[in-house]
Amino acid sequence: MAARISLTLDSTDAGVLAAFWKTALGYIDEPPPPPFATREEWLAQFDLPEDDVPEDGAWLCDPDGVGPYLSILNVPEPKTAKNRLHIDIRVPGHGSPDDRWARIRAEADRLVRAGGTVLREDELHHVVMADPEGNEFCVAATSA
């Protein structure tokens, strides 16, 4: 069996980033692991510092169970450089290059309305964007 991966984003406001990535990916809040009824109950089992509160993190998952889990955790230091790993959001469908580009642009526009920023467009191929805290990601079409 292949290992599953989980991605973690550092943040200064986990709630804002969680809202953006739920919109971007169609993800939902990950339920707490059984037998815990809430995320707070789950976190209480760990010997965390008193100022480490549930609002300092967000845990997201693909409702279909296909994509990786996404954790968003508040950290004290700001982002200082380009991230070495980034997420690619792939829009579905095939067709002419102009059709694919129209779908890519429509998705980029939707993500701008959700709080993202366009950093660069590589026309007919992909759009480089940033989430509300500057984490880079790309919007592209699925492979042919």
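The values are calculated or read from the model by the stated rules, or taken from the named source; none is laboratory data. Only a predicted model underlies this, so the values are computations on that prediction, with no experimental measurement involved. Here the Cβ positions follow ideal geometry from the backbone for every residue, glycine too, while neighbour counts run over all protein chains shown.
Have a look at 65, 57 and point out the one that is of a type outside the set (A, V, I, L, M, F, W, C), over 17 Å from residue 20 (Cα atoms) and within 16 Å of the chain's Cα centre (by Cα). Step through it out loud before you land on a result.
Working: 57 fails: over 17 Å from residue 20 (Cα atoms).
Going through 65, 57 in turn, the sole match is 65.
Residue check: is residue 139 modelled with pLDDT of 90 or more, part of a strand (DSSP E or B) and farther than 22 Å from residue 13 by Cα?
Here the answer is yes, as residue 139 does meet what is asked.
Quick one: residue 95 ticks every box in (1) farther than 19 Å from residue 21 by Cβ; (2) outside any loop (DSSP other than H, G, I, E, B) bar one, so which box is it?
In the conditions (1) farther than 19 Å from residue 21 by Cβ; (2) outside any loop (DSSP other than H, G, I, E, B), residue 95 misses (2) alone.
Go through the range 1-18 and report how many residues are within 17 Å of residue 88 (Cβ to Cβ) and assigned to a loop (DSSP other than H, G, I, E, B).
Here the count works out to 1.
Would you be able to say whether some residue in the range 63-71 is aromatic (Phe, Trp, Tyr), part of a strand (DSSP E or B) and in contact with a Pro (Cβ under 9 Å, 6 or more places away or on another chain)? Working first, answer last.
Residues of the range 63-71 that are aromatic (Phe, Trp, Tyr), as a first pass: 69.
Subsequent filtering for residues that are part of a strand (DSSP E or B) retains 69.
Narrowing the set further to residues that are in contact with a Pro (Cβ under 9 Å, 6 or more places away or on another chain) leaves none.
Within the range 63-71, none of the residues are aromatic (Phe, Trp, Tyr), part of a strand (DSSP E or B) and in contact with a Pro (Cβ under 9 Å, 6 or more places away or on another chain).
Scanning for something more than 23 Å from residue 143 (Cα to Cα) and at pLDDT below 95, does the range 82-94 turn up at least one residue?
Of the residues in the range 82-94, the ones more than 23 Å from residue 143 (Cα to Cα) are 82-83.
With at pLDDT below 95 added as a condition, the list becomes 82-83.
Yes, the range 82-94 contains a residue that is more than 23 Å from residue 143 (Cα to Cα) and at pLDDT below 95.
Being assigned to a helix (DSSP H, G or I), outside the structural domain of residue 110 (by TED's automatic domain parsing) and over 16 Å from the mean Cα position of the chain (by Cα) narrows it down to one residue among 42, 21; which is it?
On the way: 21 fails: over 16 Å from the mean Cα position of the chain (by Cα).
Checking each option against the conditions leaves just 42.
Specify which of the listed residues (80, 23) is in contact with a Lys or Arg (Cβ under 9 Å, 6 or more places away or on another chain) and of a type in the set (S, T, N, Q).
On the way: 80 fails: in contact with a Lys or Arg (Cβ under 9 Å, 6 or more places away or on another chain).
Criteria check complete, one pass: 23.
From the residues in the range 1-39 that are among the charged types (D, E, K, R) and surrounded by 12 or more Cβ atoms within 10 Å (Cβ to Cβ), which one is nearest to residue 116 (Cα to Cα)? Break it down into steps so the answer makes sense when it comes.
Pass one, the range 1-39, residues among the charged types (D, E, K, R): 4, 10, 13, 22, 29-30, 39.
Pick out the ones that are also surrounded by 12 or more Cβ atoms within 10 Å (Cβ to Cβ) and you get 10, 13, 22, 29-30, 39.
Values: 10: 16, 13: 15, 22: 13, 29: 20, 30: 23, 39: 27 Å.
Among those that are among the charged types (D, E, K, R) and surrounded by 12 or more Cβ atoms within 10 Å (Cβ to Cβ), it is 22.
Looking at the range 112-130, is at least one residue assigned to a helix (DSSP H, G or I), without any contact (Cβ under 8 Å) to a residue 24 or more places away in the chain, over 22 Å from residue 27 (Cβ atoms) and not assigned by TED's automatic domain parsing to the domain that holds residue 24?
Taking every residue of the range 112-130 in turn, none turns out to be assigned to a helix (DSSP H, G or I), without any contact (Cβ under 8 Å) to a residue 24 or more places away in the chain, over 22 Å from residue 27 (Cβ atoms) and not assigned by TED's automatic domain parsing to the domain that holds residue 24.
Could you say which residue among 124, 70, 48 is crowded, with 16+ Cβ neighbours inside 10 Å and not β-branched (Val, Ile, Thr)? Break it down stepwise before answering.
Working: 124 fails: crowded, with 16+ Cβ neighbours inside 10 Å; 48 fails: crowded, with 16+ Cβ neighbours inside 10 Å.
Matching residue, one of 124, 70, 48: 70.
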